[in-house]
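Trainee: Please see the structure below; I have some questions.
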Number of protein chains: 2
Amino acid sequence: MKSDSLQTLKEKGHRITQARSAIIELLENTDRPIAAKSLYTMLERIGIKVNITTVYRELEFLLQENIIEKVPLKDTELHYEMKGRPHHHHLLCTSCGNIEDIALESEHTLLEEAHTVSAYNIKRHSLAFYGQCPKCQ
Amino acid sequence: MKSDSLQTLKEKGHRITQARSAIIELLENTDRPIAAKSLYTMLERIGIKVNITTVYRELEFLLQENIIEKVPLKDTELHYEMKGRPHHHHLLCTSCGNIEDIALESEHTLLEEAHTVSAYNIKRHSLAFYGQCPKCQ
DNA sequence: ATGTTAATTGCAACTTAATTGCATTGTACT
DNA sequence: AGTACAATGCAATTAAGTTGCAATTAACAT
(Lines give C-alpha, C1' and ligand atoms only; values in the text may rest on other atoms or scores of the structure.)
Protein backbone atom coordinates (compact mmCIF):
# COMPACT_ATOMS: atom_id res chain seq x y z
CA MET A 1 0.00 0.00 0.00
CA LYS A 2 2.81 2.42 -0.82
CA SER A 3 1.65 5.74 -2.21
CA ASP A 4 1.32 6.12 -5.95
CA SER A 5 3.08 9.46 -5.88
CA LEU A 6 6.01 7.94 -4.05
CA GLN A 7 6.19 5.16 -6.61
CA THR A 8 6.12 7.68 -9.46
CA LEU A 9 8.85 9.76 -7.87
CA LYS A 10 11.05 6.73 -7.44
CA GLU A 11 10.57 5.75 -11.06
CA LYS A 12 11.62 9.23 -12.07
CA GLY A 13 14.88 8.69 -10.21
CA HIS A 14 14.12 10.65 -7.08
CA ARG A 15 15.05 9.31 -3.70
CA ILE A 16 12.60 8.13 -1.12
CA THR A 17 13.67 9.71 2.13
CA GLN A 18 12.00 9.53 5.51
CA ALA A 19 10.94 13.15 5.23
CA ARG A 20 9.59 12.78 1.71
CA SER A 21 7.45 9.73 2.39
CA ALA A 22 6.19 11.10 5.68
CA ILE A 23 5.21 14.42 4.11
CA ILE A 24 3.38 12.71 1.28
CA GLU A 25 1.64 10.38 3.70
CA LEU A 26 0.54 13.25 5.89
CA LEU A 27 -0.81 15.15 2.90
CA GLU A 28 -2.60 12.06 1.62
CA ASN A 29 -4.22 11.29 4.92
CA THR A 30 -5.40 14.80 5.68
CA ASP A 31 -8.54 16.01 3.97
CA ARG A 32 -7.72 19.66 4.17
CA PRO A 33 -4.89 21.96 3.17
CA ILE A 34 -1.91 22.09 5.51
CA ALA A 35 0.55 24.91 6.15
CA ALA A 36 4.30 24.32 6.07
CA LYS A 37 4.69 24.97 9.76
CA SER A 38 1.94 22.61 10.83
CA LEU A 39 3.39 19.97 8.55
CA TYR A 40 6.64 20.53 10.41
CA THR A 41 4.87 20.11 13.74
CA MET A 42 3.09 16.98 12.58
CA LEU A 43 6.41 15.50 11.51
CA GLU A 44 7.89 16.30 14.89
CA ARG A 45 4.98 14.62 16.64
CA ILE A 46 5.47 11.36 14.75
CA GLY A 47 9.14 11.46 15.64
CA ILE A 48 10.60 12.72 12.40
CA LYS A 49 13.16 15.41 13.03
CA VAL A 50 13.72 17.59 9.98
CA ASN A 51 14.63 21.18 9.51
CA ILE A 52 11.81 23.51 8.51
CA THR A 53 13.89 24.33 5.44
CA THR A 54 13.53 20.75 4.34
CA VAL A 55 9.77 21.00 4.66
CA TYR A 56 9.72 24.10 2.47
CA ARG A 57 12.06 22.52 -0.03
CA GLU A 58 10.05 19.34 -0.14
CA LEU A 59 6.83 21.27 -0.71
CA GLU A 60 8.52 23.20 -3.50
CA PHE A 61 9.69 19.91 -4.97
CA LEU A 62 6.25 18.31 -4.78
CA LEU A 63 4.76 21.38 -6.41
CA GLN A 64 7.16 21.06 -9.31
CA GLU A 65 6.40 17.39 -9.57
CA ASN A 66 2.74 18.30 -9.82
CA ILE A 67 1.86 16.17 -6.83
CA ILE A 68 0.52 18.91 -4.59
CA GLU A 69 -0.87 22.40 -5.06
CA LYS A 70 -0.87 25.70 -3.24
CA VAL A 71 -4.01 26.81 -1.46
CA PRO A 72 -3.99 30.49 -0.54
CA LEU A 73 -6.49 30.50 2.31
CA LYS A 74 -4.91 32.81 4.80
CA ASP A 75 -3.23 36.18 4.52
CA THR A 76 -0.21 35.10 6.44
CA GLU A 77 0.77 31.66 5.20
CA LEU A 78 0.23 29.25 2.35
CA HIS A 79 -1.42 25.86 2.63
CA TYR A 80 -0.83 22.82 0.48
CA GLU A 81 -2.84 19.79 -0.49
CA MET A 82 -2.65 16.80 -2.79
CA LYS A 83 -3.54 17.32 -6.41
CA GLY A 84 -5.86 15.00 -8.27
CA ARG A 85 -8.51 14.92 -5.62
CA PRO A 86 -12.03 15.62 -6.88
CA HIS A 87 -12.41 19.31 -7.57
CA HIS A 88 -13.54 21.22 -4.52
CA HIS A 89 -13.08 24.43 -2.59
CA HIS A 90 -12.64 25.42 1.00
CA LEU A 91 -14.44 26.72 4.01
CA LEU A 92 -12.39 28.43 6.68
CA CYS A 93 -13.75 29.11 10.15
CA THR A 94 -12.90 32.67 11.08
CA SER A 95 -13.10 31.83 14.77
CA CYS A 96 -11.18 28.59 15.27
CA GLY A 97 -9.31 28.43 11.97
CA ASN A 98 -10.72 25.04 11.09
CA ILE A 99 -10.67 24.22 7.40
CA GLU A 100 -13.10 22.03 5.47
CA ASP A 101 -13.63 21.00 1.89
CA ILE A 102 -16.73 21.97 -0.04
CA ALA A 103 -17.78 20.84 -3.50
CA LEU A 104 -20.33 22.79 -5.52
CA GLU A 105 -22.35 21.61 -8.49
CA SER A 106 -23.11 25.06 -9.79
CA GLU A 107 -19.49 25.93 -10.13
CA HIS A 108 -19.14 24.93 -13.75
CA THR A 109 -21.76 27.50 -14.75
CA LEU A 110 -19.67 30.17 -13.10
CA LEU A 111 -16.55 29.02 -14.91
CA GLU A 112 -18.32 28.98 -18.24
CA GLU A 113 -19.45 32.51 -17.69
CA ALA A 114 -15.97 33.59 -16.68
CA HIS A 115 -14.52 32.09 -19.86
CA THR A 116 -17.17 33.80 -21.96
CA VAL A 117 -17.02 37.20 -20.34
CA SER A 118 -13.26 37.57 -20.09
CA ALA A 119 -10.58 37.99 -22.73
CA TYR A 120 -8.12 36.29 -20.39
CA ASN A 121 -7.02 32.79 -21.11
CA ILE A 122 -8.15 31.49 -17.73
CA LYS A 123 -6.09 28.58 -16.45
CA ARG A 124 -7.20 28.20 -12.88
CA HIS A 125 -9.18 29.85 -10.15
CA SER A 126 -9.39 29.92 -6.42
CA LEU A 127 -12.52 30.06 -4.37
CA ALA A 128 -12.88 30.03 -0.62
CA PHE A 129 -15.64 30.74 1.85
CA TYR A 130 -15.17 32.31 5.25
CA GLY A 131 -17.54 32.05 8.17
CA GLN A 132 -18.12 30.26 11.43
CA CYS A 133 -18.18 26.51 11.74
CA PRO A 134 -21.11 24.89 13.59
CA LYS A 135 -19.11 24.65 16.83
CA CYS A 136 -18.16 28.31 16.84
CA GLN A 137 -21.54 29.78 15.96
CA MET B 1 -15.79 66.93 -4.95
CA LYS B 2 -14.05 65.78 -1.80
CA SER B 3 -14.30 62.05 -1.17
CA ASP B 4 -17.22 60.78 0.88
CA SER B 5 -14.93 58.55 2.90
CA LEU B 6 -12.74 61.50 3.78
CA GLN B 7 -15.79 63.46 4.85
CA THR B 8 -16.99 60.59 7.00
CA LEU B 9 -13.60 60.21 8.63
CA LYS B 10 -13.46 63.89 9.45
CA GLU B 11 -16.91 63.77 11.01
CA LYS B 12 -15.75 60.87 13.15
CA GLY B 13 -12.99 63.08 14.47
CA HIS B 14 -10.12 61.70 12.47
CA ARG B 15 -7.59 64.03 10.91
CA ILE B 16 -7.22 64.63 7.23
CA THR B 17 -3.56 64.38 6.45
CA GLN B 18 -1.80 64.58 3.14
CA ALA B 19 -1.04 60.87 3.24
CA ARG B 20 -4.57 59.91 4.18
CA SER B 21 -6.31 61.88 1.47
CA ALA B 22 -3.80 60.85 -1.18
CA ILE B 23 -4.12 57.16 -0.29
CA ILE B 24 -7.90 57.33 -0.40
CA GLU B 25 -7.81 59.22 -3.68
CA LEU B 26 -5.45 56.69 -5.23
CA LEU B 27 -7.64 53.82 -4.11
CA GLU B 28 -10.76 55.56 -5.39
CA ASN B 29 -9.28 56.29 -8.78
CA THR B 30 -7.82 52.87 -9.38
CA ASP B 31 -10.16 50.14 -10.57
CA ARG B 32 -8.09 47.29 -9.29
CA PRO B 33 -6.61 46.16 -5.98
CA ILE B 34 -3.31 47.78 -5.03
CA ALA B 35 -0.48 46.39 -2.89
CA ALA B 36 1.01 48.43 -0.04
CA LYS B 37 4.32 48.81 -1.79
CA SER B 38 2.87 50.02 -5.07
CA LEU B 39 0.72 52.46 -3.16
CA TYR B 40 3.94 53.69 -1.61
CA THR B 41 5.53 54.07 -5.05
CA MET B 42 2.50 55.87 -6.42
CA LEU B 43 2.64 58.30 -3.52
CA GLU B 44 6.31 58.92 -4.20
CA ARG B 45 5.57 59.61 -7.83
CA ILE B 46 3.02 62.28 -7.03
CA GLY B 47 5.51 63.89 -4.69
CA ILE B 48 4.19 62.66 -1.36
CA LYS B 49 7.00 61.46 0.85
CA VAL B 50 5.77 59.08 3.52
CA ASN B 51 7.32 56.18 5.28
CA ILE B 52 6.15 52.73 4.15
CA THR B 53 5.11 52.19 7.77
CA THR B 54 2.60 54.98 7.40
CA VAL B 55 1.16 53.30 4.33
CA TYR B 56 0.71 50.05 6.24
CA ARG B 57 -0.78 51.87 9.20
CA GLU B 58 -3.11 53.87 7.03
CA LEU B 59 -4.30 50.71 5.27
CA GLU B 60 -4.87 49.09 8.65
CA PHE B 61 -6.81 52.16 9.73
CA LEU B 62 -8.96 52.23 6.58
CA LEU B 63 -9.69 48.54 7.05
CA GLN B 64 -10.92 49.16 10.57
CA GLU B 65 -12.99 52.09 9.34
CA ASN B 66 -14.56 49.73 6.84
CA ILE B 67 -13.53 51.91 3.92
CA ILE B 68 -11.30 49.42 2.13
CA GLU B 69 -10.92 45.64 2.09
CA LYS B 70 -8.16 43.10 1.74
CA VAL B 71 -7.82 41.22 -1.53
CA PRO B 72 -5.58 38.18 -1.25
CA LEU B 73 -4.56 37.74 -4.88
CA LYS B 74 -0.91 36.87 -4.61
CA ASP B 75 1.05 34.50 -2.43
CA THR B 76 3.53 37.13 -1.40
CA GLU B 77 1.64 40.30 -0.67
CA LEU B 78 -1.83 41.58 0.05
CA HIS B 79 -3.77 43.99 -2.13
CA TYR B 80 -6.40 46.46 -1.05
CA GLU B 81 -9.36 48.13 -2.71
CA MET B 82 -12.27 50.37 -1.84
CA LYS B 83 -15.31 48.78 -0.29
CA GLY B 84 -18.81 49.47 -1.52
CA ARG B 85 -18.03 49.07 -5.17
CA PRO B 86 -20.39 46.76 -7.06
CA HIS B 87 -19.64 43.17 -6.16
CA HIS B 88 -17.00 41.69 -8.43
CA HIS B 89 -13.98 39.43 -8.49
CA HIS B 90 -10.54 39.49 -10.01
CA LEU B 91 -8.51 38.25 -12.90
CA LEU B 92 -4.76 38.14 -12.48
CA CYS B 93 -2.40 37.73 -15.40
CA THR B 94 0.16 35.09 -14.51
CA SER B 95 2.64 36.58 -16.98
CA CYS B 96 2.64 40.34 -16.45
CA GLY B 97 0.86 40.52 -13.11
CA ASN B 98 -1.87 42.78 -14.44
CA ILE B 99 -5.09 42.72 -12.44
CA GLU B 100 -8.62 43.30 -13.70
CA ASP B 101 -12.10 43.22 -12.27
CA ILE B 102 -14.69 40.69 -13.37
CA ALA B 103 -18.36 40.55 -12.43
CA LEU B 104 -20.35 37.34 -12.85
CA GLU B 105 -24.11 36.96 -13.00
CA SER B 106 -24.11 33.29 -12.12
CA GLU B 107 -22.34 33.91 -8.87
CA HIS B 108 -25.44 34.14 -6.72
CA THR B 109 -26.40 30.59 -7.67
CA LEU B 110 -23.07 29.42 -6.38
CA LEU B 111 -23.50 31.30 -3.15
CA GLU B 112 -26.97 29.91 -2.63
CA GLU B 113 -25.63 26.43 -3.08
CA ALA B 114 -22.78 27.08 -0.68
CA HIS B 115 -25.21 28.31 1.97
CA THR B 116 -27.42 25.27 1.47
CA VAL B 117 -24.70 22.65 1.39
CA SER B 118 -22.62 23.87 4.29
CA ALA B 119 -23.25 24.01 8.01
CA TYR B 120 -20.93 27.00 8.22
CA ASN B 121 -22.40 30.42 8.76
CA ILE B 122 -20.79 31.86 5.64
CA LYS B 123 -19.99 35.55 5.88
CA ARG B 124 -17.85 36.20 2.87
CA HIS B 125 -15.96 34.53 0.08
CA SER B 126 -13.08 35.17 -2.20
CA LEU B 127 -12.87 34.24 -5.83
CA ALA B 128 -10.09 34.94 -8.27
CA PHE B 129 -9.16 33.74 -11.72
CA TYR B 130 -5.63 33.25 -12.99
CA GLY B 131 -4.54 33.15 -16.60
CA GLN B 132 -2.99 35.22 -19.32
CA CYS B 133 -4.28 38.60 -20.37
CA PRO B 134 -4.85 39.28 -24.09
CA LYS B 135 -1.45 40.99 -24.46
CA CYS B 136 0.49 38.13 -22.93
CA GLN B 137 -1.23 35.29 -24.76
C1' DA C 1 29.43 -5.79 1.88
C1' DT C 2 31.73 -1.62 0.24
C1' DG C 3 32.41 2.29 -2.79
C1' DT C 4 30.66 5.96 -5.67
C1' DT C 5 27.72 9.70 -6.94
C1' DA C 6 24.44 12.92 -6.99
C1' DA C 7 20.14 13.93 -4.46
C1' DT C 8 18.92 15.52 -0.11
C1' DT C 9 19.60 17.81 4.24
C1' DG C 10 21.07 21.04 8.01
C1' DC C 11 22.69 25.25 9.26
C1' DA C 12 23.25 30.01 9.09
C1' DA C 13 22.49 33.98 6.72
C1' DC C 14 19.35 36.47 4.01
C1' DT C 15 14.99 38.46 1.84
C1' DT C 16 10.59 40.48 1.97
C1' DA C 17 6.09 41.75 3.91
C1' DA C 18 4.33 43.43 7.80
C1' DT C 19 4.30 45.02 12.86
C1' DT C 20 5.68 47.55 17.06
C1' DG C 21 7.71 50.98 20.55
C1' DC C 22 8.80 55.36 21.21
C1' DA C 23 9.97 59.99 20.48
C1' DT C 24 8.56 63.73 17.36
C1' DT C 25 5.48 66.22 14.36
C1' DG C 26 1.41 68.43 12.81
C1' DT C 27 -3.85 68.75 12.39
C1' DA C 28 -7.80 70.50 14.33
C1' DC C 29 -9.88 72.95 17.78
C1' DT C 30 -9.96 76.71 21.47
C1' DA D 1 -0.97 81.68 19.19
C1' DG D 2 -1.54 77.53 22.34
C1' DT D 3 -2.91 72.85 23.39
C1' DA D 4 -4.00 67.93 22.90
C1' DC D 5 -3.61 63.89 20.90
C1' DA D 6 -3.83 61.71 16.24
C1' DA D 7 -0.54 60.66 12.93
C1' DT D 8 4.21 59.98 11.54
C1' DG D 9 9.19 58.61 11.10
C1' DC D 10 12.70 55.80 12.44
C1' DA D 11 14.80 51.78 14.01
C1' DA D 12 14.19 47.42 15.64
C1' DT D 13 11.52 43.23 15.40
C1' DT D 14 8.62 39.35 13.71
C1' DA D 15 7.34 35.77 10.64
C1' DA D 16 7.17 33.28 6.23
C1' DG D 17 9.94 31.80 3.00
C1' DT D 18 14.56 31.41 0.30
C1' DT D 19 19.47 30.57 -0.68
C1' DG D 20 24.55 29.10 -0.51
C1' DC D 21 27.36 25.78 0.90
C1' DA D 22 29.27 21.99 3.29
C1' DA D 23 27.89 17.51 5.18
C1' DT D 24 25.02 13.51 4.82
C1' DT D 25 22.82 9.62 2.75
C1' DA D 26 19.77 6.83 -0.60
C1' DA D 27 20.31 4.18 -4.60
C1' DC D 28 22.91 1.85 -7.60
C1' DA D 29 27.20 -0.57 -9.20
C1' DT D 30 31.00 -3.41 -8.17
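The values are calculated or read from the model by the stated rules, or taken from the named source; none is laboratory data. These figures come from a predicted structure and were not determined experimentally. Cβ atoms come from the backbone with ideal geometry, glycine included; neighbour counts cover every protein chain shown. With ligands, DNA and RNA removed, areas are computed over all heavy atoms of the protein, side chains included. Shrake-Rupley method; radii C 1.70, N 1.55, O 1.52, S 1.80 Å.
Trainee: For the Cα atoms of chain A, what angle does the longest principal axis make with the long axis of helix A:107-117, in degrees from 0 to 90, nearest 10?
Mentor: Helix A:107-117 sits at roughly 70 degrees to that axis.
Trainee: How large a share of the accessible area of segment B:30-106, in percent, is made up of carbon and sulfur atoms when the probe is 1.4 Å and the other protein chains stay in place?
Mentor: Working: 1910 of 4180 Å².
Of all accessible area on segment B:30-106, carbon and sulfur atoms account for 46 percent.
Trainee: Whats the longest run of chain B with zero GluC sites (Glu not before Pro) that are DSSP loop and have at most 12 other Cβ atoms within 10 Å? Mind showing how you got there, number by number?
Mentor: On the way: sites that count: B:Glu77, B:Glu105.
It works out to B:1-76.
Trainee: For Cα pairs less than 8 Å apart in space and 6+ apart in sequence, what is the mean separation divided by the residue count of chain A, i.e. the relative contact order in percent?
Mentor: Details: 141 pairs, mean separation 26.1, N = 137.
Contact order relative to length: 19 percent.
Trainee: Classify segment A:4-82 as rounded, prolate or oblate, taking a ≥ b ≥ c as the square roots of the eigenvalues of its Cα gyration tensor: rounded when a/c is under 1.5, otherwise prolate if a/b is larger than b/c and oblate if not. Present the calculation step by step, with values, prior to reporting the outcome.
Mentor: Working: a/c = 1.71, a/b = 1.25, b/c = 1.36.
Oblate.
Trainee: Testing the spin-label approximation: label points 7 Å from Cα along Cα→Cβ at A:Ile122 and A:His14. State their distance in nm.
Mentor: According to this spin-label approximation, the distance is 3.0 nm.
Trainee: Another one. Quote the total accessible area buried by chains A and B together, excluding ligands, DNA and RNA, probe 1.4 Å, nearest 100 Å². Before the final figure, lay out each step's value.
Mentor: On the way: alone 9560 and 9590 Å², together 15820 Å².
Accessible area lost upon association: around 3300 Å².
Trainee: Another question about this same structure. Relative to 2.2 N^0.38 Å, what does the C-alpha radius of gyration of segment A:42-115 come to as a ratio? Two decimals please.
Mentor: On the way: Rg = 15.6 Å, N = 74, 2.2 N^0.38 = 11.3 Å.
Dividing the Cα Rg of segment A:42-115 by 2.2 N^0.38 Å gives 1.38.
Trainee: Rounded, prolate or oblate for chain A? Axes are the square roots of the Cα gyration tensor eigenvalues, ordered a ≥ b ≥ c, and the cut-off for rounded is a/c under 1.5. Please list the in-between numbers first.
Mentor: On the way: a/c = 2.22, a/b = 1.38, b/c = 1.61.
Cα axes put chain A in the oblate bin.
Trainee: Over the protein assembly as shown, with the other protein chains present, what is the accessible area per residue in square angstrom, probe 1.4 angstrom? It would help to have the intermediate numbers written out before the result.
Mentor: On the way: 15820 Å² over 274 residues.
Per-residue accessible area for the protein assembly as shown comes out at 58 Å².
Trainee: Just flag the trypsin sites (Lys or Arg not before Pro) in segment B:45-86 sitting in loop per DSSP whose Cβ has no more than 11 other Cβ atoms within 10 Å. Walk me through the intermediate numbers first.
Mentor: Details: sites: B:Arg45, B:Lys49, B:Arg57, B:Lys70, B:Lys74, B:Lys83; in loops: B:Lys49, B:Lys74, B:Lys83.
Counting only loop positions with at most 11 other Cβ atoms within 10 Å, the trypsin sites (Lys or Arg not before Pro) in segment B:45-86 are B:Lys49.
Trainee: Further question: Taking only Cα atoms, what is the 0 to 90° angle, nearest 10, from helix A:18-28's long axis to the longest principal axis of chain A?
Mentor: Rounded to the nearest ten degrees, it is 30.
Trainee: Describe numerically, in nm with one decimal, the distance between label points set 7 Å from Cα along Cα→Cβ at B:Ser38 and at A:Glu112.
Mentor: Each label point is offset 7 Å from its Cα along the Cβ direction, giving 3.3 nm.
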